[in-house]
Amino acid sequence: NAGVIQTPRHKVTGKGQEATLWCEPISGHSAVFWYRQTIVQGLEFLTYFRNQAPIDDSGMPKERFSAQMPNQSHSTLKIQSTQPQDSAVYLCASSRTGGAREQYFGPGTRLTVL
Amino acid sequence: GQQVKQSSPSLTVQEGGISILNCDYENDMFDYFAWYKKYPDNSPTLLISVRSNVDKREDGRLTVFLNKSGKHFSLHITASQPEDTAVYLCAAGGEGTGSKLSFGKGAKLTVSP
C-alpha cells in the first residue's frame, strides 16, 4: 500500500512565477491536509479537505494561495506570484476519516523561490 | 501564538537509557495527542497517539503520558538506541479546533553509543 505521494519533490521558481504542488492521498483516506514547514515557524497548518470538500482553510495566506481537491485521488496547492518568503517544504497528509486523528505525511515538496 | 510548545529543543541520552520528551499545550479543546519522528530531509512519521479519555498508552518501547489538568504530555522511550536519534515533534488537535493538528517545533534526540 503506497503512502501519500507528493510531486514534484523539489521545485525552483523565480519570483513572481506560479507554483503548483500535487498530492495523492493514501487510497481509502477521505481527508487531506496541507502543511508548510520552515525552520523558523516549524510545521504550520494551511488547509484541509474531507470527502473532497474544503473544510478549514484558516491557515492559508489570503492572497496568492489556493487549494483544490477535484477528485478523491488528488489535491493541488497553487501559489501565484511566488515570493522568496514562500520558500518552504510543503507537506501533504491524509487520514482515514478526517478529524484530529492519525495523519500520515507524504515526503513533501521543497519549494525554493529565487 | 504557538499552541503546542516543546521547551527543550535538544536532548542527549546514553544508549540503553530512557529518553523523555515533553510537550505543553494551551487549548482546552484538544483531545488528541501524538508524537511524530522526523529524520533530516524526511517527512514526519507517526509514532504513537492517544486520545484524551486515557492518560497513558504503551507501544513497545514507547509510552505516552497525558496530564490534562497540567496541559502536558510526554513521550518516554525506554532502552534508547542510536537509531532513535531524530527530531521528535509533538502534535495536538481536537474536533473543536477544526480538526487540524498543531505541532511543536521539535526536539532533537541524540542517543550516544
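Given B:Tyr25, B:Tyr36, B:Tyr32, which one is over 23 Å from B:Val111 (Cα atoms) and modelled with pLDDT of 95 or more?
B:Tyr25
All conditions in (1) surrounded by 13 or more Cβ atoms within 10 Å (Cβ to Cβ); (2) without any contact (Cβ under 8 Å) to a residue 40 or more places away in the chain hold for A:Ala53, with the sole exception of (1). Considering A:Leu77, A:Leu43, the condition of being under 11 Å from the mean Cα position of the chain (by Cα) and on the phi < 0 side of the Ramachandran plot is satisfied by A:Leu77 alone.
Test A:Gly59 against the criterion of being open to solvent by 20 Å² or more (accessible area, probe 1.4 Å), within 14 Å of chain B (Cβ to nearest Cβ) and over 21 Å from A:Pro8 (Cα atoms), and give yes or no. Here the answer is yes, as A:Gly59 does meet what is asked. When you look at B:Glu83, is it in contact with a helix residue (DSSP H, G or I) (Cβ under 9 Å, 6 or more places away or on another chain) and among the acidic types (Asp, Glu), yes or no? Here the answer is no, as B:Glu83 does not meet what is asked. Inspect the range A:9-18 for any residue being within 22 Å of B:Phe103 (Cα to Cα) and touching a strand residue (DSSP E or B) at 6+ places or on another chain (Cβ under 8 Å) and give the result as yes or no. No, that holds for no residue. Scanning the range B:61-98 for residues that are modelled with pLDDT under 95 and touching a Lys or Arg at 6+ places or on another chain (Cβ under 8 Å) gives a single hit, B:Gly93.
Can you find, within the range B:86-109, the residue that is nearest to the other protein chains (Cβ to nearest Cβ) among those that are more than 16 Å from B:Asn22 (Cα to Cα) and open to solvent by 40 Å² or more (accessible area, probe 1.4 Å)? Here the residue is B:Lys100. When the strands (runs of 3 or more DSSP E) confined to the range B:1-69 are screened for residues that are open to solvent by less than 30 Å² (accessible area, probe 1.4 Å) and within 22 Å of A:Arg36 (Cα to Cα), those reaching at least 1 such residues are found at B:19-25, B:32-38, B:45-51.
Just checking, which of A:Thr38, A:Thr76, A:Thr13, A:Thr82 is β-branched (Val, Ile, Thr) and exposed (fewer than 15 other Cβ atoms within 10 Å of the Cβ)?
The match here is A:Thr38.
Before we move on, is A:Pro107 within 14 Å of chain B (Cβ to nearest Cβ) and in contact (Cβ under 8 Å) with a residue 40 or more places away in the chain? Against the criterion (within 14 Å of chain B (Cβ to nearest Cβ) and in contact (Cβ under 8 Å) with a residue 40 or more places away in the chain), A:Pro107 qualifies.
The values are calculated or read from the model by the stated rules, or taken from the named source; none is laboratory data. These figures come from a predicted structure and were not determined experimentally. Virtual Cβ from ideal backbone geometry, glycine too; neighbours counted across all protein chains shown. Heads up: the accessible areas ignore ligands, DNA and RNA and are worked out on the full protein's heavy atoms, side chains in. Shrake-Rupley method; radii C 1.70, N 1.55, O 1.52, S 1.80 Å.
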